[in-house]
Each structure stands twice: as C-alpha cells, then as structure tokens.
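Down below is the structure, laid out as structure tokens.
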Ligand SMILES: [Fe+2]
C-alpha cells in the first residue's frame with residue numbers, strides 16, 4: 001500500500017453506486033478544486049511534453065523516456081476523470097472557477113522553466129517535482145471533499161489518481177537525487193544521442 005492512500009481505503013471507500021448529484025447540492029469548494037485540478041492536469045500534460053522533448057536531447061539512461069511518456073498519459077487520464085466527474089455533478093468542465101485561474105497563474109514559472117530550451121533536463125526535473133508535489137496535495141484534498149459530500153465512488157477513483165501521482169513524485173524525486181549525486185546527465189555533444 002502506498003503511504004497516504006490507506007487512510008482513505010481504511011475508512012471504507014470502495015466501489016459503490018451513488019446517485020447523480022446536482023452541482024448545487026455539493027460543497028462549492030469541491031467543484032472549485034475539481035476545476036483547479038483539471039486546469040493543473042492540462043498544464044501537466046504540456047509540462048511532460050516539454051520534458052520529453054528535452055529528455056530526447058540528453059543521455060540519461062536512468063530517466064527512461066517511456067516512463068515520462070507513461071506519466072504524461074496518466075495526466076491525460078486524470079484530466080478525463082475530472083471531466084467525467086464534473087459532468088456527473090452537472091457541471092461543465094469548461095466552466096471557469098477562481099482556483100483554476102490561480103493554479104494557471106501559479107504554474108506560469110514552471111511552464112516557462114520546463115519549456116525554455118536554455119534550461120537543462122535536470123533543472124526541468126526539479127520543476128516537475130514541484131508540479132507533482134502540488135498535484136499530490138490537490139488530489140488528497142479532492143478525496144477529502146468528495147468523501148465529505150458522500151461521493152464515495154468518486155473518492156475511490158480519485159484515490160487511483162493519487163496513487164499514480166505518488167509514484168510520479170517519488171520517481172521524479174529519485175531522478176533529481178540520482179542526477180545530483182552522480183552527475184549522470186551527458187549533453188548530446190559529449191555523448192551519444194539517446195533513443
Ligand atoms: Fe496530475
């Protein structure tokens with residue numbers, strides 16, 4: 001069991017059917033934070049795209065491109081989960097909300113850093129750790145809000161997203177640590193171009 005997930009499972013969250021709720025019946029904070037997460041997941045897909053491009057220009061065998069692409073797909077899946085969940089609550093995924101705007105503003109620096117061709121793959125990984133940590137906290141809050149609303153099915157699905165976010169964070173952190181300790185990244189002019 002991944003740390004942090006068990007507390008939600010232990011209290012009895014599991015697949016069970018609950019009727020469709022109207023958005024007016026749930027805590028507005030849940031809808032606001034779902035909108036925030038949706039925006040951030042969209043941004044995360046773009047961050048992983050940029051990281052993937054950068055990874056192709058360095059030799060860093062311990063940071064497989066396939067893993068980065070898997071993480072990117074997970075972010076896309078999380079985006080789809082949020083879109084479905086918002087529709088389930090009668091809310092358009094395209095609806096704007098205050099926290100989504102703030103998340104977009106707060107992530108501008110991360111996007112600028114990762115998408116900048118002048119910054120290194122290692123620098124970009126550090127930015128991705130910040131993004132992944134933010135995502136972890138965001139999903140934990142969403143699980144609590146969904147449980148508070150009695151949306152057990154939804155909370156269970158959010159636990160699945162949190163598990164993936166936890167693995168992303170621990171993997172990215174281990175890459176940053178490994179690269180810092182061993183200086184394993186070799187720029188293309190000093191090594192072979194990676195596959
Ligand atoms: Fe995410």
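No value in this document is a laboratory result; all are computed from the given coordinates. Since the structure is predicted, the reported quantities are computational estimates derived from the model, not experimental observations. Methodologically, a virtual Cβ is constructed for each residue, glycine included, from the backbone with ideal geometry; neighbour enumeration extends over all protein chains shown.
A few remarks follow.
- The length gained on full extension between residue 65 and residue 170, counted as 0.36 nm times the residue separation minus their Cα-Cα distance, comes to 36.2 nm.
- Anisotropy class of region 54-157 from Cα gyration tensor, a/c 1.5 cut: prolate
- Length gained on full extension, residue 53 to residue 116: 21.6 nm, using 0.36 nm per residue less the C-alpha separation.
- Stretchable slack from residue 25 to residue 87, in nm (0.36 nm times residue separation minus alpha-carbon distance): 20.9 nm
- When peptides 89-96, 75-82 are ranked by their average number of other Cβ atoms within 10 Å per residue, the highest-first order is 75-82, 89-96.
- In nm, spacing of pseudo-spin labels at residue 123 and residue 101 (7 Å Cα→C-beta vector): 3.1
- Exposure proxy order (Cβ contacts within 10 Å, fewest to most) of 101, 48: 101, 48
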